[in-house]
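Visitor: Got a structure for you, questions after.
The values are calculated or read from the model by the stated rules, or taken from the named source; none is laboratory data. In this text, all values refer to a predicted model and were calculated from it rather than measured experimentally. Glycine gets a Cβ as well: all are built from the backbone with ideal geometry, and neighbour counts include every protein chain shown. These area figures cover heavy atoms from the full protein model, side chains too; ligands, DNA and RNA do not enter into them. Shrake-Rupley method; radii C 1.70, N 1.55, O 1.52, S 1.80 Å.
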Amino acid sequence: ASGEIASLVRSLAPKYSLDPNLVLAVIEAESGFNTKAQSPKNAQGLMQLIPETAERFGVQNVWDPEQNLRGGMSYLRWLMGYFEGDLELVLAAYNAGAGTLSRAIRRASERDEDTDFWSLDLPGETDRYVPRLLALAAIVAHPEAYGLDLPELDDQPFFAIAGTGGQIDLHVAA
């Protein structure tokens with residue numbers, strides 16, 4: 001990836017002891033590089049910070065790309081410490097929330113079951129999110145290993161929202 005956001009990620013990520021390719025993968029999965037992305041659960045900006053997380057990590061304006069990146073990277077770094085560097089658990093917590101993941105780990109532990117990501121009972125979205133991010137980060141880091149020549153990417157959303165003026169038939173939209 002190139003452009004201002006990717007350049008900012010590449011300069012900031014080492015300050016948080018994070019792999020820039022991992023952060024870029026999180027941004028792609030979370031917002032598709034859309035600085036104005038907002039989820040139905042009110043996660044906002046590039047790294048889809050919920051208001052509580054943004055406040056906790058000192059983000060004053062979630063729509064400011066640098067503040068959002070710093071807040072998201074601070075959260076990832078905190079999760080790395082909390083889950084002792086287990087990247088799969090960190091990504092699962094980023095997606096589902098640290099509380100959700102901690103409860104899943106506690107339940108598995110109480111049943112004397114394994115507590116690695118692959119063994120936990122987690123929401124389906126999280127089960128799909130973690131492998132997707134791991135694969136995306138690996139591909140971005142070493143595209144040649146996968147026989148790919150990735151183009152330079154702009155920091156623009158891939159899709160745009162089109163106004164329809166109301167409901168339309170899906171066949172028309174397609």
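Visitor: So how tilted is helix 87-96 from the main axis of the chain? Cα-based, degrees 0 to 90, rounded to 10.
Guide: Compared with the principal axis, the helix lies near 60 degrees.
Visitor: For LYS41, LYS15, give the ranking by accessible area with the largest first, probe 1.4 Å. If you can, show how the numbers build up before the last one.
Guide: On the way: LYS41 170, LYS15 145 Å².
From most accessible down to least: LYS41, LYS15.
Visitor: Under the Karplus relation 6.51 cos²θ - 1.76 cosθ + 1.60, θ = phi - 60°, what is the ordered set of whole-Hz ³J(HN,Hα) values for the stretch 3-19, x standing for Gly and Pro?
Guide: Running phi through 6.51 cos²θ - 1.76 cosθ + 1.60 with θ = phi - 60° gives x, 4, 5, 4, 4, 5, 4, 5, 7, 8, 3, x, 5, 9, 6, 10, 6 Hz.
Visitor: What order do GLU28, GLU52 take when sorted by accessible area (1.4 Å probe), most exposed first?
Guide: Heavy-atom accessible area, descending, gives GLU52, GLU28.
Visitor: Additional query: Given labels modelled 7 Å from the Cα in the Cβ direction, how far is it in nm from LEU150 to ARG10?
Guide: For the pair LEU150/ARG10, the computed spacing is 1.1 nm.
Visitor: Another question, then. Would you mind counting up the charge near GLY71? Only other residues with Cβ under 12 Å from its Cβ, with Lys and Arg at +1 and Asp and Glu at -1.
Guide: Charge balance near GLY71 sits at -1.
Visitor: Choose one of TRP78, ALA92, LEU122: the residue whose Cα lies farthest towards the positive end of the charge dipole of the chain (beta-carbon charges +1 Lys, Arg; -1 Asp, Glu; about the Cα centre).
Guide: Value computed over the given set: TRP78.
Visitor: In terms of modelled amide H atoms, which long-range or inter-chain residues lie less than 5 Å from the amide H of LEU49?
Guide: GLN44
Visitor: So what are the ³J(HN,Hα) numbers for the stretch 134-145, from phi and the Karplus equation (6.51, -1.76, 1.60; θ = phi - 60°), rounded to whole Hz, Gly and Pro as x?
Guide: Here the 3J(HN,Hα) series is 4, 5, 4, 4, 5, 5, 5, 5, 9, x, 5, 5 Hz.
Visitor: What whole-number distance in Å separates the alpha-carbon centres of the stretch 117-145 and the stretch 1-20?
Guide: Measuring centre to centre over Cα atoms gives 20 Å.
Visitor: Could you work out the relative contact order of the chain, using alpha carbon pairs under 8 angstrom and six or more residues apart, expressed as a whole percent?
Guide: On the way: 188 pairs, mean separation 41.4, N = 174.
Contact order relative to length: 24 percent.
Visitor: Another question about this same structure. Ordering GLU125, GLU66 by how much accessible area each has at a 1.4 Å probe, largest first, what is the list?
Guide: Result of the area sort, largest leading: GLU125, GLU66.
Visitor: Further question: In a shell of Cβ-Cβ distance under 11 Å around ALA54, excluding ALA54 itself, what net charge do Lys and Arg (+1) and Asp and Glu (-1) give?
Guide: Details: positive: ARG56, ARG70; negative: GLU52, GLU55, ASP64.
Value of the local net charge: -1.
Visitor: Translational D (Stokes-Einstein, µm²/s) of the chain at 10 °C and 1.306 mPa s when Rh comes from the Kirkwood sum over C-alpha pairs? Before the final figure, lay out each step's value.
Guide: On the way: Rh = 17.4 Å.
In µm²/s, the coefficient rounds to 91.
Visitor: Please work out how much length the chain gains when fully extended from GLU113 to ARG56, using 0.36 nm per residue of separation minus the C-alpha to C-alpha distance, in nm with one decimal.
Guide: Length difference between fully extended and current span is 17.3 nm.
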